Structure formats: C-alpha cells, structure tokens
Amino acid sequence: MKLSEQIQEARSALSLLSSDAGELLRKPYTAIILGSGLGGLASLIDEQFSVSYTQIPYCNTSRAPGHQGRFIFGTLAGKDVICLQGRLHVYEGNTPLETVFPLLVANACGAHRLITANAAGAINEDFAVGELMLITDHINFTSESPVTFNTDNDVITNFFDMTHAYSPSLCECARTIATAYACTLREGVYLGVRGPMFETPAEIRAFRTLGADAVGMSTVHEVIMASALGMEVCGFSLLSNMAAGILDQPITAEEVTTTAAANTDDLARLLTEILRIQTI
C-alpha cells in the first residue's frame, strides 16, 4: 500500500473516532511533540479529544518509559493544536519512517508548524542540568533517515534543503520570549543517536569535537520529515543530565525522566507564548 493511502486511512480513523466521541475533528496548524518526562506539559492544552496511537492504523505503540503515546487535539493560547504526547523511537524496533508516522498523520490533519521537545544530555560543559536549550541545528548520527527511495513512498520528494531545518523566525521568537520573561535559554546543536544505551565518554568527546552541544535518542528523524513536508520547526532540549564522562556518576533513565519532568516551567512559558504570538 502506498504511504499516502496509509496516511489517509489513519486520518479517516481519527475522524471516525472523533465523531463517535461527539467531537468535531479540527484542523490544527501546530503539532507539538513532547518527549521523555515532558508529557505532563499536555495539561497546558484545553483538550478537545484524545486517542491512543494503538487505535490508529499503521501507527505503532509507544513503549519507551515516560511516553504515553497518544494524540491530543485541543487549544493552547487560543490556537488549535495537535499534541503527540510521547514519541516513537528506532530503538523500540521501529523503522525511521514508522517513528515519524504520527507526525505524517498530524500533517494530514492540517499541521504545518512543528514544536518539538526532548530530554537530552548536555555535552557543552557550560550548560547545566535543568536548563533549556534552543536547537539551532542537528547532526543525524543514527545513520538512518525516514526519507528513502521507496516505491511505496509517494508523499516525499527527495533532495530537499535542510539549511534552515529549524526556522530562523521561530528561533528568534523563542529568544525574544526568553528575554522578556527572564527564562534561561541556551542555544546549540543537537546530535541524535540510535540508542537505547547511553553514550560512552569517548563518544561524547568525539561528539563535542563534531560541534554537538547536546545528545539524545530522538528528534532528528522528525525534523527531517518535517523539512520534507515543508513544515516550520522549532525545537527544544530539556537538559536532563550531563553527558557521559563529564561527571563521575552513572546516567539512568529514571534521572532523565525525573529531571525533565521537574524543570518544565520555562518550556511551558515558551510553548504558550510562541503560539500566542503566531497569527495562526
């Protein structure tokens, strides 16, 4: 089956589920993806309707800790949004294309802007745990892409530009808001790895040499697909831990999710105000 047919079937299933619930499925302009420990930010949304990924054809189950795995339709700052509360990862056994299928569905529902957030390890030693980093660029170290020469992929055009994968105007908007509300907002390059193990100290030293400021196991495939779809992207990393070898202590998944969940105030402010400023 062609990819476009899968997306349309998933979109139709969402419409049917919303009508069964007595709700009208809107056309949200903005998609929001909330990563590890950040799912609680979904409480900011004036919820209209929600549905689990498991109820949607061709959409895989989210099995990572701290990822609820559902679509939430509602409003934030008066704007219609679709929130992906929890994401899919390649380390769960998904292909890169499967990890971004929820985003493809969101785009089919009307989303042309993406605000994505993750928990990440800080490589830049000037950064501190609990701070927020605006992603200005990324390095895809997974060796994979959700966009390939595939005869079933009749949605994506190959060889698209990634120079401004992270929208300069949305980045500037985030900086302005951070200054106005005295939010600590670092900036840097995010490096995406496959996982699910944390990195070695030697790998972190190599990543620092490559110019990375933070490292995580998500996001890059989403941003590649968003770029292919012509979506505006704004990305944030909640720095949940210092990367391997910087501190003389082990890194745990519990540390990542707990620290991320406890430091969401600035991210909540930025999400809300970015949407408030946008005209749609």
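The values are calculated or read from the model by the stated rules, or taken from the named source; none is laboratory data. The shown structure was predicted, so the numbers you read here are calculated from the model rather than taken from an experiment. All Cβ positions, glycine included, derive from the backbone under ideal geometry; neighbour counts span all protein chains shown.
Residue count for region 2-49 under the criterion of being touching a Ser or Thr at 6+ places or on another chain (Cβ under 6 Å) and in a helix (DSSP H, G or I): the result is 1. Of the residues screened, residue 230 is not one that is closer than 23 Å to residue 256 by Cβ, in contact (Cβ under 8 Å) with a residue 60 or more places away in the chain and either buried (at least 19 other Cβ atoms within 10 Å of the Cβ) or not aromatic (Phe, Trp, Tyr) (or both). Specify the residue that is nearest to the chain's Cα centre (by Cα); the eligible residues are those in region 17-48 that are under 24 Å from residue 5 (Cβ atoms) and not aliphatic (A, V, I, L, M). Going through the qualifying residues, I end up with 28.
One residue stands out among those in region 66-104 that are touching a Gly at 6+ places or on another chain (Cβ under 9 Å) and in a loop (DSSP other than H, G, I, E, B): the one that is surrounded by the most Cβ atoms within 10 Å (Cβ to Cβ), which is 88.
For residues that are among the aromatic types (Phe, Trp, Tyr) and more than 20 Å from the chain's Cα centre (by Cα), tally how many sit in region 161-197.
Result for region 161-197: 1.
Quick one: would you say residue 62 is within 22 Å of the chain's Cα centre (by Cα), closer than 15 Å to residue 105 by Cβ and in a strand (DSSP E or B)? Criteria not met by residue 62.
Is it true that some residue in region 209-221 is surrounded by fewer than 22 Cβ atoms within 10 Å (Cβ to Cβ), not in a loop (DSSP other than H, G, I, E, B) and not basic (Lys, Arg)? Yes, there is a match, as at least one residue in region 209-221 is surrounded by fewer than 22 Cβ atoms within 10 Å (Cβ to Cβ), not in a loop (DSSP other than H, G, I, E, B) and not basic (Lys, Arg). Evaluated against (1) modelled with pLDDT of 95 or more; (2) out of contact with any Leu (no Cβ under 9 Å at 6 or more places or on another chain), residue 222 falls short on exactly one condition, (2). Take the conditions buried (at least 24 other Cβ atoms within 10 Å of the Cβ) and assigned to a loop (DSSP other than H, G, I, E, B) and apply them to residue 237. Does it pass? Answer is no for this residue.
Could you grab me the full set of residues in region 119-128 that are outside any strand (DSSP E or B) and in contact with a helix residue (DSSP H, G or I) (Cβ under 6 Å, 6 or more places away or on another chain)?
123
Among residues of region 132-153 being part of a loop (DSSP other than H, G, I, E, B) and not hydroxyl-bearing (Ser, Thr, Tyr), the one that is modelled with the highest pLDDT is 141. Of the residues in region 145-154, at least one is in contact with a helix residue (DSSP H, G or I) (Cβ under 6 Å, 6 or more places away or on another chain) and either more than 26 Å from residue 82 (Cβ to Cβ) or crowded, with 22+ Cβ neighbours inside 10 Å (or both).
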